[in-house]
Each structure stands twice: as structure tokens, then as C-alpha cells.
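The values are calculated or read from the model by the stated rules, or taken from the named source; none is laboratory data. This structure is a prediction, so every number in the text was calculated from the model and none was measured. Cβ sites come from the backbone with ideal geometry, for glycine too, and all protein chains shown count toward neighbours. Protein only, heavy atoms only, side chains kept; ligands, DNA and RNA dropped before computing areas. Shrake-Rupley method; radii C 1.70, N 1.55, O 1.52, S 1.80 Å.
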Amino acid sequence: MFTVSLLGIPNDDNSSLVRGCAEAPALIRRELHSDAYTSWSESGVDLSAAGRFEDHGDIQFDGASDPWYLIEQHVDHAMEGGNPLICLGGDHAITHPIMRAVSRRHDKLTILHIDAHPDIYHAYQGNLRSHTSPFARIMEERLTDRLIQVGLRTVNDHHRDQFKRFGVEVIEAGRCSQDIQLALTTPVYISMDIDALDPAFAPGVGHREPGGLSTRQVIDLIHTINQPIVAADIVEYNPRCDISNLTAIVAAKLLKEIAGMMVKTSRK
């Protein structure tokens, strides 16, 4: 049995507008295991099979230890068995310490970052750990060979300067009606920010940005990946902003499709 590890990272210390993303992991899990929905991914994987998921629970943040240290340590532990890992956030800041642990296990790595926002500010409101800045830290520390950002619709001149500085490949939301060919050649890390989707599909986010992707567009993009997906995160779901639990259901659906493709693309 091919196993996918899960880890909850309930941390939203670095959100810039509203808190609440720390409450997301439990709600995503609830929908993942709900009898109301199919347990099969669209790629043909039965996610209810015994041993399919190894859930490492949620990181407990004690207020004394550096959260970045705890995240890196727990991610490293969750990946010890060689299983791919899906982390449930939390705000997008957590991607930086996750990647510190993931990158040590892979000589070559491509990040597929699906988001409304580039999250590549050098700093925001003076915070180098802001949820608007994780990819600046990741690229500074050379934790990935390639960064592809899909679904952006909030790009400014500072972002463009950062794109040039770090060699980021950008596919803005307006181009996503076309068939996207990623030409992947290395293992892949997916960073799935729920606000990549249009608020009509996922209203439960702190920074709603109209003009986004549909749930179908994101699923279809995930299904194009033809390299091993070694790790992923699903971030920025904010239950306090949700309507009728809709976004939790969408987040769980995307988790299923990522997990299914982890199985399909595995080279184990």
C-alpha cells in the first residue's frame, strides 16, 4: 500500500489582515473523511483504503519554542518513512520552514505555487516571516530549483522586480484559460493557496480576490503533473470567513486530488 502522510500546521501568527487559518486543519480532515463524499480521487485512487493515510496529527505550538523550528522538525519527522507529505495550514508563511525540511531530501525540486498572490514581498509591514513573503525566503535560501506561480492576479512592480531577481515563472490568472504546459523535469512540491480560486468557489479566505480560477481548473492543472509529487501544502483556508462550509469541502477535494496524484506519479 502506498501511503500519504498528513500533518496539520495550525499557525496563522503571520497573517496580515485577519486570523483564523489556524482553525483549518481539523475542518479539512472532517470533510476528507466524511461519508457524504466519495473516497476516490478522480485519478482513480481509493483514498479510503487501509493504510492510505498516515496522519501525524497537528503540531502543538507551545508559545516558547520558535514555531519555524517546530515546523521544520515535525515535517522532517513526518517524512522519515519516505512517504509524500501533505501539510494542512495555517497561513502561507508556513511554506518556508516546510521547504527547509523538504529540500534536504531532494537534490532537485520544482515548486508549483497556485495562488492569487505572489507572496514574494521582501517583507510586509516589516515582517520577514509574513504570509506575503515565504517565497522570497525560499528563493534566497535556494530551497528550490524552479518556482512556477499560477493564478496570480495581484502583481505589482515590486513583485515583478522579485520575479526577475529570482527567475520566477509566472502564469497569471488571465492566461489560465489556455492549456498550461509546465514541462516538469524534477520532483514537485505543490503549494496550494485556497485563495487561488475565485471567491465564488472558495469564499472562506481572508483575502478574497475576484477573477480567480475555478475548482475544475485547479484539479485539471494538478492532473497534468507527470513527475513525482513529493510534498504539498494547502493553506489560507479561513473557517471564520467561510459560507456553509463550502471552502472546507473544496480544500478536502483538492487534498484528495493531490493525494491521488502522489500515488499515480510515485516512483516507489
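Only one entry in PRO203, PRO134, PRO239 is open to solvent by less than 20 Å² (accessible area, probe 1.4 Å) and farther than 30 Å from HIS106 by Cα, namely PRO203.
Checked against (1) under 26 Å from ASP220 (Cα atoms); (2) of a type in the set (S, T, N, Q); (3) in contact with a Lys or Arg (Cβ under 9 Å, 6 or more places away or on another chain), ASN14 passes all but a single condition, namely (1).
So that you can scan it fast, the table gives a plain yes or no per residue for (1) in contact with a Pro (Cβ under 9 Å, 6 or more places away or on another chain); (2) open to solvent by less than 20 Å² (accessible area, probe 1.4 Å); (3) under 26 Å from ALA101 (Cβ atoms):
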position: ARG142; (1), (2), (3): no, no, yes
position: LEU147; (1), (2), (3): no, yes, yes
position: VAL150; (1), (2), (3): no, yes, yes
position: ASP157; (1), (2), (3): no, no, no
position: ARG165; (1), (2), (3): no, no, yes
position: ILE180; (1), (2), (3): no, no, no
position: THR215; (1), (2), (3): no, no, no
position: HIS223; (1), (2), (3): no, no, no
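Annotation note: of SER43, SER34, SER5, the sole residue that is hydroxyl-bearing (Ser, Thr, Tyr), closer than 30 Å to ASP220 by Cβ and not in a loop (DSSP other than H, G, I, E, B) is SER5. The residues listed here are LEU27, LEU47; of these, the one that is within 18 Å of ILE249 (Cα to Cα) and open to solvent by less than 20 Å² (accessible area, probe 1.4 Å) is LEU47. In the set (1) of a type outside the set (D, E, K, R); (2) under 26 Å from ASP12 (Cα atoms); (3) out of contact with any helix residue (DSSP H, G or I) (no Cβ under 7 Å at 6 or more places or on another chain), the condition left unmet by ILE190 is number (3).
Taken over the range 98-131, the criterion of being under 18 Å from the mean Cα position of the chain (by Cα), open to solvent by 60 Å² or more (accessible area, probe 1.4 Å) and farther than 23 Å from VAL230 by Cβ is satisfied by ARG129 alone. When each of VAL250, VAL218 is tested for being among the β-branched types (Val, Ile, Thr), in contact with a Gly (Cβ under 9 Å, 6 or more places away or on another chain) and more than 22 Å from ILE120 (Cβ to Cβ), the lone residue that passes is VAL250. Of the residues making up the range 10-51, those that are of a type in the set (A, V, I, L, M) and touching a Pro at 6+ places or on another chain (Cβ under 7 Å) are ALA22, ALA24, LEU27. Do we find that ASP66 is of a type outside the set (S, T, N, Q), surrounded by 14 or more Cβ atoms within 10 Å (Cβ to Cβ) and over 30 Å from ASP35 (Cα atoms) in this structure? Judged against the criteria, ASP66 is not a match. Cβ-Cβ distances below 9 Å connect the following pairs, each with a first residue in the range 24-40 that is more than 28 Å from ILE94 (Cα to Cα), a second residue that is open to solvent by less than 80 Å² (accessible area, probe 1.4 Å) and basic (Lys, Arg), and a separation of six or more residues or different chains: TYR37/LYS253; TYR37/LYS256; THR38/LYS256; TRP40/LYS256.
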